1. Can you give me the solvent accessible area of Leu95 with a 1.4 Å probe, rounded to the nearest 10 Å²?
2. Between the alpha-carbon centers of the stretch 106-126 and the stretch 74-101, tell me the distance in whole angstrom.
3. In whole Hz, with x marking every Gly and Pro, tabulate ³J(HN,Hα) for the stretch 18-29 from phi via Karplus 6.51 cos²θ - 1.76 cosθ + 1.60, θ = phi - 60°.
Amino acid sequence: MPRGGKKGHKGRGKQFSNPEEIDRQMKAQRELEANGGVEKEEEKTSGSDDSSSEEEDINKKKSGVEGLIEIENPNRISQKSKKVTELDVNAPKELSRREREEIEKQKAKERYMKLHLEGKTDQARADLARLAIIKKQREDAQKKRDGLKKEKEAEDSKSKR
């Protein structure tokens, strides 16, 4: 036996709804759905029922746990739908942090490439210096080859005579 002398609910008799009661409730619900707009107007015209109808409306709006717990969360942001007339299509769209950083990165890359092509960056200067050295080496090698060719031609012409 549990402490405190309390008995469990397992041995209790089962309570079944009466079929007539279920039918009556279903008919009342159908009437409410069919005459929903008419009953609301009638409730507004009667002065003493205003307070009770407002309480019923409040209870109907709350669904699930909201109806049981009456706590309002100050941190909760309710989603308000905007009307089409309120929307401003031409307004600039705020970008997320990642999008902003990506755009800044692309712009910086384009700026660097522009300076690189103009030869104003350190890397571009180093590349140009390397190219100048290679060009000079190739010119020297070409002159050397031309000199060897001329010597060979001169020797060939002397040997033929």
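1. 70 Å²
2. Between the Cα centre of the stretch 106-126 and that of the stretch 74-101, the gap is 37 Å.
3. Listing the rounded values in order: 6, x, 5, 5, 5, 4, 5, 5, 5, 5, 5, 5 Hz.
The values are calculated or read from the model by the stated rules, or taken from the named source; none is laboratory data. Because the structure is a prediction, the values reported are computed rather than measured. The accessibility values were calculated without ligands, DNA or RNA, using every heavy atom of the protein model including side chains. Shrake-Rupley method; radii C 1.70, N 1.55, O 1.52, S 1.80 Å.
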